[in-house]
Amino acid sequence: MTTQQQIEALRSELREHNYNYYVLDNPTITDYEFDMKLKELQELEAKYPEYYDQASPTLRVGGMVTKNFETVVHDHRMYSLDNSYSKEDLEDWEKRIQRVLGDVMVEFTCELKYDGASISLTYENGQLLRAITRGDGTQGDNVTTNVKTIKSVPLRLKGNYPEKFDIRGEIVLPFEGFAKMNEVRVANGEDPYMNPRNTASGSLKLQDSTLVAQRPLDCLLYGIVGEGTGIATQWEMLQKARDWGFKVPTVAKLCKTTQEVIDFVDYWDVHRHDLPYETDGVVIKVNSLQQQDELGFTSKSPRWAMAYKFKAEQVSTVLHEITYQVGRTGAITPVANLQPVLLAGTTVKRASLHNADQIAKFDIREGDTVFVEKGGEIIPKIIGVDFSKRPVDSSPTAYITHCPECHTELVRTEGDAKHYCVNYYGCPPQITGRIQHYISRKAMDIEGMGSETVELLFKEGLITNYADLYELTKEQIMPLERMAEKSAENLVQGVAASVQIPFERVLFALGIRFVGETVAKKLAKAYKNIDALMAASEAELTAVDEIGERIAQSVVEFFENDANRTIIDRLKGYGVQFAISEEQLANQTDKLQGLTIVVSGVFETFSRDALKKLIEENGGKVGSSISSKTSYLVAGDKMGPSKRTKAEKLGVPIISEQEFLHLVV
Ligand code: AMP
Ligand code: ZN
């Protein structure tokens, strides 16, 4: 046997043992034997680096250090799931589905909702190409080196897999491993980690992959996306993924009736505590992928899937004090400061009270014993007061009338639940809030700078708006608390690099009230540059698709303001992007202006996503289901029959991929 053959043989043997141990839970050799073989391979690889293999089992031990995780755009967006909390919700959902699909048989798969960190793995030619976190759903962080250390993630697939596909799953930290990690921490005098989920997602972002390798993480898979996978149902998908070597929990059920779905939910609501890892619900999916395709997506989630959330845990505790926070828009949020209490694995000290109405609705008072609940969201909610425990001397909460930070009288406009501090230029949390928003990841994504740095720079009088960031010098920053030459340099560089950020994100970064990411994109596309946008009247703005009066008014007000105009002029001077790029412009036309186009089926030249992008770039709107407003249905291979029937009934023209291309070229 040549050295190369010897190395290959060891690798394939170790791969099989890994699979037996971590995926099947059924080891066939002792840990000691395994370690010896691994060591042998490590030594051979060190001696003969020419036989390097990026899928070698030795990479499981880590070693690579990632300083900055690269941001990667997902090939297929990672959606959220709609939530339901009762059987009625589920029945309503099923009715909605039947209405779209017509009177056809619909089967469902039920899986558990694993509670960890979402991950998308891309495989090409059977090898793990990359692992990306969910991020905001459109783009996430490249954490491949860390994910490679998770033993149940196959680095090389078995069997008959498609050439390229993405597979989605959840990285979890099973209870037992989590408890062991904490034992070690406590023994070392460190604070224990609070819950498995946060620890799992934190682990993915550790810089040193050796540390990740030491954590007993697991990866549970549930969904494959990609063109031409030849898979027809969700159930088959789970089976196939298992065949290719992925860890897919067998706690899943193919259900023919709603009653079977409900039985599954009821059973696991009780028995989930017997599982080795955390779950927070059941995910119910329409089984047929063709039906899934017909149902499509809303802007946030698939219409063909629904999460049923297990009842959230509830506790009661004492509310000591209500304090008030001022946001970057001047909005006031009341906060309940609680007697710390353990809830679903985390210590809760604070809860949001939302607004004055919310406090009045429950008649929440300082000194009350309140019920706190933690649903899916991070911030716990107060869901009621235990009136039997109300102190006799308690008095109703008087909502504040003046800003707690700058003492300006608060304003509440008609139709808005929140109170606002209108001292836009003089209220410190509004000033720093706007700058913090500007530098944030979805906005200008300025590296080397965080919220605390902004506060520090403001306190030192170095910045009072985001344009000031571009004038900061290393010499000014270095003397500040916790700053050194390197961090000061990084900060200045991070600011300088932000001039590359595209116009639509700059527009979002400006922090115009009601202009979120989606609206910013729409405006950037409609006006192409800031001068055109600044010149637009309210009436012109509302003519843009999906821009309502409230947004239009806020945009006009923002640009009418002299101080804002000065800041924008300064930003222009620093080179910030205030127009969409040549490249983007070149791809854009108005050819599909005013048209709503639905895409369905599988296509020859383009992926479905590419077709959708073409529609948007040419000024059209992508529709998700057919209605009388649909202008065209672009039909590919294997399009759902009910879509066709519906289009025919409503007289919506059905065109082919080729015919569509004629519209845009
Ligand atoms: P949410 O974040 O509450 O909108 O729920 C969506 C997330 O649930 C997805 O991003 C997945 O990471 C996660 N999830 C856990 N288990 C499953 C499952 N069996 N099927 C689909 N998604 C799941
Ligand atoms: Zn104020």
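Think of the range 51-188 as a dipole: +1 on every Lys or Arg Cβ, -1 on every Asp or Glu Cβ, centred on the Cα centre; then among Thr122, Ala55, Ser152, Ala55 lies furthest on the positive end.
Take the Cβ-Cβ distance between Glu260 and Ala179 as r, set R0 to 25 Å, and report the resulting FRET efficiency rounded to the nearest 0.05. About 0.10, to the nearest 0.05. Remark: the Cα gyration tensor places the range 1-132 in the prolate category, a/c being 1.5 or greater and a/b exceeding b/c. Under 19 Å Cα to Cα from Lys180, which lysines show up? Leave out anything in the same chain fewer than 8 places away. Here the lysines satisfying the reach criterion relative to Lys180 are Lys151.
Placing R0 at 60 angstrom, the Cβ-Cβ distance between Thr464 and Met1 gives a FRET efficiency of 0.25 after rounding to 0.05.
The residue list Asn142, Ile231, Tyr161 was ranked by how far each Cα lies along the charge dipole of the range 126-241 toward its positive end, using unit charges on Cβ atoms, and Tyr161 comes out on top.
To the nearest 20 debye, what is the magnitude of the charge dipole of the chain about its Cα centre, counting +1 on the Cβ of each Lys and Arg and -1 on the Cβ of each Asp and Glu?
600
Only helical runs count toward this figure. For the chain, summing -39,500 (n - 2.57) over DSSP H runs of n ≥ 4 and dividing by all residues gives -10500 deg cm²/dmol at 222 nm. Whole-Hz Karplus values for the range 173-184 come out as 10, x, 3, 5, x, 5, 4, 5, 4, 5, 4, 4 Hz, taken residue by residue from phi with 6.51 cos²θ - 1.76 cosθ + 1.60 and θ = phi - 60°; glycine and proline positions read x.
By the scheme Lys and Arg +1, Asp and Glu -1, what is the net charge of all other residues having a beta-carbon under 12 Å from that of Ala467? Neighbourhood net charge equals +1. Think of it this way: in the chain, Cys110, Cys219, Cys255 stand alone, with no other Cys Cβ under 4.7 Å. Listed values for the range 592-603 are Karplus-derived 3J(HN,Hα) couplings in whole Hz (6.51 cos²θ - 1.76 cosθ + 1.60, θ = phi - 60°), namely 10, 3, x, 9, 10, 10, 9, 10, 8, x, 10, 10, and x replaces Gly and Pro.
Rolling a 1.4 Å probe over the heavy atoms of the protein chains gives the range 104-227 an accessible area of 39 Å² per residue.
Evaluated with a Cβ-only charge set (Lys, Arg +1; Asp, Glu -1), the range 1-126 carries a dipole of roughly 300 debye about its Cα centre, given to the nearest 20.
For the range 114-193, the normalised intensity computed at q = 0.17, 0.18, 0.22 Å⁻¹ comes to -0.77, -0.83, -1.03 (log10 of I(q)/I(0), Debye sum over alpha carbons, equal scatterers, no solvent). For the set Lys361/Lys381; Lys521/Lys629; Lys95/Lys612; Lys164/Lys621; Lys205/Lys349; Lys418/Lys521, the pairs lying more than 20 angstrom apart at their alpha carbons are Lys521/Lys629; Lys95/Lys612; Lys164/Lys621; Lys205/Lys349; Lys418/Lys521.
Pull up the cross-link candidates among the aspartates and glutamates for Lys256, meaning alpha carbon to alpha carbon under 13 Å and not fewer than 8 places away within one chain. Excluding near neighbours in sequence, the set is Glu94, Glu107.
Taking the accessible area of the chain, probe 1.4 Å, and keeping the other protein chains in place, the carbon and sulfur fraction comes to 50%.
Using a Förster distance of 41 Å, how high is the FRET efficiency between Glu321 and Glu447, based on the Cβ-Cβ distance and rounded to 0.05? Once rounded, the FRET efficiency stands at 0.65. What separates the Cα centres of the range 385-408 and the range 149-189 is a distance of 47 Å.
Couplings 3J(HN,Hα) of the range 291-308, computed from phi: 5, 4, 4, 5, 6, x, 10, 8, 5, 10, 8, x, 7, 9, 9, 8, 9, 9 Hz, in residue order, whole Hz [Karplus 6.51 cos²θ - 1.76 cosθ + 1.60, θ = phi - 60°; x for Gly and Pro]. Backbone amide hydrogens, once placed in the peptide plane, bring Cys255 within less than 5 Å of Phe108, Thr109, Cys110, excluding anything fewer than 5 places away on its chain. Scanning residues 5 or more positions from Ala331 or on other chains, those with amide H under 5 Å from its amide H are Cys421, with H placed 1.01 Å from N in the peptide plane.
Magnitude of the Cβ-charge dipole of the range 408-555, K/R +1 and D/E -1, about the Cα centre, nearest 20 debye?
On the way: 16 positive and 22 negative charges, 57 e Å.
Magnitude of the dipole: close to 280 debye.
Could you tell me which of rounded, prolate or oblate describes the range 190-234, using a ≥ b ≥ c as the square roots of the eigenvalues of the alpha-carbon gyration tensor, with rounded for a/c under 1.5 and, failing that, prolate when a/b is larger than b/c and oblate otherwise?
Working: a/c = 3.93, a/b = 2.50, b/c = 1.57.
It is prolate, given that a/c is not under 1.5 and a/b is the larger ratio.
Taking amide H atoms as placed 1.01 Å from N in the peptide plane, the amide H of His402 lies under 5 Å from those of Leu410, each 5 or more residues away in sequence or on another chain. Bridging of Lys572 to lysines at a Cα separation below 16 Å is possible for Lys528, once same-chain residues fewer than 8 apart are set aside. Label the chain by shape, choosing from rounded, prolate and oblate, from the square roots a ≥ b ≥ c of the eigenvalues of the Cα gyration tensor; if a/c is under 1.5 it is rounded, and otherwise prolate applies when a/b is larger than b/c, oblate when it is not. Rounded shape, in that the Cα axes give a/c under 1.5.
The values are calculated or read from the model by the stated rules, or taken from the named source; none is laboratory data. Note that this is a predicted model, so its numbers are computed, not measured. With ideal geometry, Cβ positions are generated from the backbone for all residues, glycine too; neighbour counts draw on all protein chains shown. Just the protein is used for accessible areas: all its heavy atoms, side chains included, with ligands, DNA and RNA removed. Shrake-Rupley method; radii C 1.70, N 1.55, O 1.52, S 1.80 Å.
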